[in-house]
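The values are calculated or read from the model by the stated rules, or taken from the named source; none is laboratory data. Here the structure is a predicted model, which means the values were calculated and not measured. Don't worry about glycine lacking a Cβ; one is built from the backbone with ideal geometry, like all the others, and counts go over all protein chains shown.
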Amino acid sequence: MSLVHEIDYGTPRARTEKTVTLTVDGAAVTATLSWTGSGPAPTSKGALLSFTSTAAGTSVPVVCLGNTSPIICGTLLLPVVNDPAGVYTITASYAGDGNYNAASSPQTNNFSITTDTPFVNLTPNPVSVLSGSSAPVTLTAIFTGVGPYDAAPTGAVTFSAATGSISGQSCNTSGDTLTCTVSYKPSGKLAVGTYSNYITASMAAAGDYKAAAGSANLTVIKMTTASASHPPSQSRGKPVREQDRLTPTG
């Protein structure tokens, strides 16, 4: 993409043109500054080109190579973590000097910030329950963003299970991670076995993140029956009388 500016390069020099073209490749941005005529290369007190975007963030560093037309300048665009999903523009600008007028690229160099799907990890503790037991199980769901520059997911979190009850949900964020815990009380009526994807943690779409869900198995094991040994029973018959011990004499 380019924008042609007709400028006066000073009398008696001929009229000259200067174009600024900009290409965007992800977060890496390059701009080409070119001119025609026999004049010297454009100059600037600071960076030869500056970059601005409709997305909040920074463009650092700006590095330019060469001193003949065209000059290639590049930068790294770092949007801030709370830039919402949408379409944005980037503009490269040249401030001008004693020989050249200011110029800029058109705001048609679009790039998009898209919504991401967070990673979900759901873990029960303990990982198995006893048959017939309704002892509580702690469920922990971790929702993680897709990169170090992403904010933590913020969608509403819901836990569910086919049977039993869930209570006491609490959540906290750290970096790009949202961690939620609840107490799950099994019904105590499930037969022994493993129930695939029985418990689910879901997050609603919000901000830069799509809806996401993760599941965990519920394993029901047999309750161990305790056994004990008993000493042999002592005779509880009638006591033997002393006279019964005597042998009668005839």
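Criterion applied to 206, 211 was being at pLDDT 95 or above, surrounded by fewer than 16 Cβ atoms within 10 Å (Cβ to Cβ) and closer than 22 Å to residue 85 by Cβ, and the one residue passing it is 211. Checking each residue of region 90-112 against the condition of being in a loop (DSSP other than H, G, I, E, B), acidic (Asp, Glu) and in contact with a strand residue (DSSP E or B) (Cβ under 7 Å, 6 or more places away or on another chain) gives no match. In region 178-195, which residues are modelled with pLDDT under 95 and of a type in the set (Ser, Thr, Tyr)? Within region 178-195, 187 is the sole residue that qualifies.
Quick check on this structure: which one of 120, 137, 146, 157 is over 25 Å from the mean Cα position of the chain (by Cα) and hydrophobic (A, V, I, L, M, F, W, C)? Going through 120, 137, 146, 157 in turn, the sole match is 137.
Of the numbered criteria (1) touching a Gly at 6+ places or on another chain (Cβ under 6 Å); (2) under 25 Å from residue 80 (Cβ atoms), the one residue 174 fails is (1). Among the residues of region 54-82, those identified as among the aliphatic types (A, V, I, L, M) and either surrounded by fewer than 18 Cβ atoms within 10 Å (Cβ to Cβ) or within 30 Å of the chain's Cα centre (by Cα) (or both) are 55, 56, 60, 62, 63, 65, 72, 76, 77, 78, 80, 81.
Of the residues examined, residue 85 is not one that is among the small types (Gly, Ala, Ser), in contact with a Lys or Arg (Cβ under 7 Å, 6 or more places away or on another chain) and over 30 Å from residue 161 (Cα atoms).
The sole residue among 141, 151 that is assigned to a loop (DSSP other than H, G, I, E, B) and either free of Cβ contacts under 8 Å to residues at least 24 places away in the same chain or crowded, with 17+ Cβ neighbours inside 10 Å (or both) is 151.
Restricting to region 161-172, name every residue that is surrounded by 14 or more Cβ atoms within 10 Å (Cβ to Cβ) and either in a strand (DSSP E or B) or touching a residue at least 40 places away in the same chain (Cβ under 8 Å) (or both). 161, 166, 169, 171, listed by residue number.
Give 113, 71, 90 a once-over and let me know the one that is aliphatic (A, V, I, L, M), at pLDDT 80 or above and touching a Pro at 6+ places or on another chain (Cβ under 8 Å). Reasoning before the result, please.
Details: 113 fails: at pLDDT 80 or above; 90 fails: touching a Pro at 6+ places or on another chain (Cβ under 8 Å).
Every option except 71 fails the conditions.
Kindly provide the set of residues from region 83-104 that are loosely packed, with under 15 Cβ neighbours inside 10 Å and either in contact with a Cys (Cβ under 7 Å, 6 or more places away or on another chain) or under 27 Å from residue 152 (Cβ atoms) (or both), ordered by number. Scanning region 83-104 gives 84, 85, 86, 87.
Take the conditions (1) surrounded by 13 or more Cβ atoms within 10 Å (Cβ to Cβ); (2) on the phi > 0 side of the Ramachandran plot; (3) under 12 Å from the mean Cα position of the chain (by Cα); residue 177 misses just one of them, which is (2).
Determine, yes or no, whether residue 127 is out of contact with any Cys (no Cβ under 6 Å at 6 or more places or on another chain), loosely packed, with under 15 Cβ neighbours inside 10 Å and under 18 Å from residue 196 (Cβ atoms).
Yes.
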